[in-house]
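This report refers to the structure that appears directly beneath it.
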Amino acid sequence: MSSKNPFDPLGVGAMSMDVWRAMMTSPGALLEAQAEFAKAFTDVAAGEATALASDRPSAAIIEPQPGDRRFANAAWASNPYFSALKQAYLLSAKAVLDSIDQAEGIDEATRRRVKFFAKQFTDAMSPTNVPWFNPDVLEETLRSGGANFRRGMENALEDARDNAGRPALVDESAFEVGTNVATTPGKVVFRNALIELIQYAPTQARVYARPLVIVPPWINKFYILDLQPANSFVKYATDAGRNTFVVSWRNPDASLADMTWADYLKLGPVAAATVAAEIAGSADVDAIGYCIGGTLLATALAYLARTGSRLVNSATFFAALVDFSDPGEVMAFLTEEALESIEQRMNEAGVLGGREMGDTFNMLRANDLIWGVAVNRYLLGKDAPAFDLLYWNSDATRIPRATHSYYLRQMYVANNLVKPDALEVDGVPIDLRRIELDTYCVATQEDHIAPWRSVYAMTRLLGGATTFRLGASGHIAGIISPPAKKKAVWWGAAPGTPNPSDPDAWLAAAPKHEGSWWPDWTAWLAERSPEQVDAPAATGSHRYAPLADAPGTYVLERS
């Protein structure tokens, strides 16, 4: 496959040809699938014709997948015309994807990549994206006398002007960082070229002696953990008596293009833990790493273990990968052609733009974050919602070329973090097995970014005892799960229960718990950091005097 095709930077066309050739070489399975599709299509037509004649709905041959909200309107089931259209579309989409699954003689990586982009195509072709095929749009058009299309055109012009042609996910004017998101009181007590360290004001008279240091991802901003008081993990930890520190990453520009993974490690979690321990008068800290922040934290823990440091007492990981052998659908974007294209853009700009990363993640949930948004904005004429989570999602960050290229190639492509001593930091070999402290690892059931079975691999890679928890929902909603959240559930055995090697065997044996997993984490951490002291009268210390109010200055840098 050529990496020089400017019209196919991801190599999708070449991969698709590989699948097509495989189908033509062994056409038996393809013909069988086509025959099955033809019969199902005929059954749909016959069933809906009977329903039309009898004025009663027919039994559906195929239904949308759970969680697919495109066909929620009752007309898709009750109206024979819409029912036939829906089923014809679902059958056609299934036939396309099944034919890729059944092609023989292609490697699994190619199959999964082609299937991912084929699904992007079938999602785009959904009848819900066509105004005269969507009952929601038809109903709104009749109700408003067509005003929805006028508003939709205004929205399209607005998005072309203000959002680079993308349908706006959120009403950004409804939020301001530090005013109605990221509002937990605190101070910036340390700053270097890459981070600001925020210490939050205590809310209890007594706090745990060992401070808590949170390392969030730098792909987005830290305040996913501090959106609103009702769903703020930062506030929850502070209210639970934790002397809480959070890393706020700088939004890098081209001047930081050569910042490396090792720089992020030393200037990030190691520097933050060192400062927090000194301010708290503690020999060590408890640490949390979220997503790529967790991958970095694991690297840092292995680095500290190899150098004999006891800076970290316990570690918690939120939806973090250390084993990238099966990282999910994101691998569709990481062919050699795609990597060369990404690196070429980063070499020119010095960074990967935040919008580019956001577009990639949105494609992992295209129906919700692309097509559904476009239908609401342009066909239904709705305003973008004022939703704190979507505001955070739109507050994109840039990533230095050196760090991001290392991350993609060393983690996703080579999976070197799980290989003992394959990576090093300043000449110090990295071996996850040397991490012998207690860890609490949370994954989420519907995570498209860090699939839970891949996250579970941490239980067999780290040297210490790992308590594994599985939350419901996805990469964000499963982590931001405050105790007051309705319908929250999680799975997990009692701490100390051995973790089987097979994640599905773990799930089959794990009890299901109603509510949030946050109180379970609080209890787990209290067992490992039980000592309490009087809360500090002020944030910072003589050496680390406060530099600014939370949420600081780095978080305000927009892409």
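The values are calculated or read from the model by the stated rules, or taken from the named source; none is laboratory data. Source: prediction; values computed, not measured. Methodologically, a virtual Cβ is constructed for each residue, glycine included, from the backbone with ideal geometry; neighbour enumeration extends over all protein chains shown.
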* Sole residue being out of contact with any helix residue (DSSP H, G or I) (no Cβ under 7 Å at 6 or more places or on another chain) and outside any helix (DSSP H, G or I), chosen from Pro530, Pro482, Pro551 -> Pro530
* Structure fact -> Filtering region 178-197 for residues that are more than 15 Å from Glu557 (Cβ to Cβ), touching a Pro at 6+ places or on another chain (Cβ under 9 Å) and among the hydrophobic types (A, V, I, L, M, F, W, C) leaves a count of 2
* Asked: Say we look at region 60-116 and pick out the residues that are assigned to a helix (DSSP H, G or I) and basic (Lys, Arg); which of these is nearest to Asn129 (Cα to Cα)?
  -> Lys86
* When region 485-496 is examined, which residues are found to be small (Gly, Ala, Ser) and either touching a Gly at 6+ places or on another chain (Cβ under 8 Å) or not in a loop (DSSP other than H, G, I, E, B) (or both)? -> Ala488
* Structure fact -> A careful count of residues in region 157-188 that are within 27 Å of the chain's Cα centre (by Cα), part of a helix (DSSP H, G or I) and either over 30 Å from Thr238 (Cα atoms) or in contact (Cβ under 8 Å) with a residue 12 or more places away in the chain (or both) gives 5
* Restricting attention to region 329-353, which residues are assigned to a loop (DSSP other than H, G, I, E, B) and either modelled with pLDDT under 95 or within 23 Å of the chain's Cα centre (by Cα) (or both)? -> Leu334, Thr335, Gly353
* Structure fact -> Per the filter on region 303-328, residues assigned to a helix (DSSP H, G or I), surrounded by fewer than 19 Cβ atoms within 10 Å (Cβ to Cβ) and not basic (Lys, Arg) are Thr307
* Out of (1) crowded, with 20+ Cβ neighbours inside 10 Å; (2) under 25 Å from the mean Cα position of the chain (by Cα); (3) among the aliphatic types (A, V, I, L, M); (4) not in a loop (DSSP other than H, G, I, E, B), what's the single condition that is false for Met259? -> (4)
* When region 537-559 is examined, which residues are found to be of a type in the set (Val, Ile, Thr) and surrounded by fewer than 18 Cβ atoms within 10 Å (Cβ to Cβ)? -> Thr553
* Asked: Hey, among Ile198, Ile219, which residue is crowded, with 24+ Cβ neighbours inside 10 Å and within 24 Å of Leu301 (Cα to Cα)?
  -> Ile198
* Structure fact -> Note: among Asp520, Asp534, just one is at pLDDT 95 or above and either surrounded by 13 or more Cβ atoms within 10 Å (Cβ to Cβ) or among the β-branched types (Val, Ile, Thr) (or both), namely Asp520
* Given the conditions (1) outside any loop (DSSP other than H, G, I, E, B); (2) in contact with a strand residue (DSSP E or B) (Cβ under 6 Å, 6 or more places away or on another chain), which single one is not true for Asn148? -> (2)
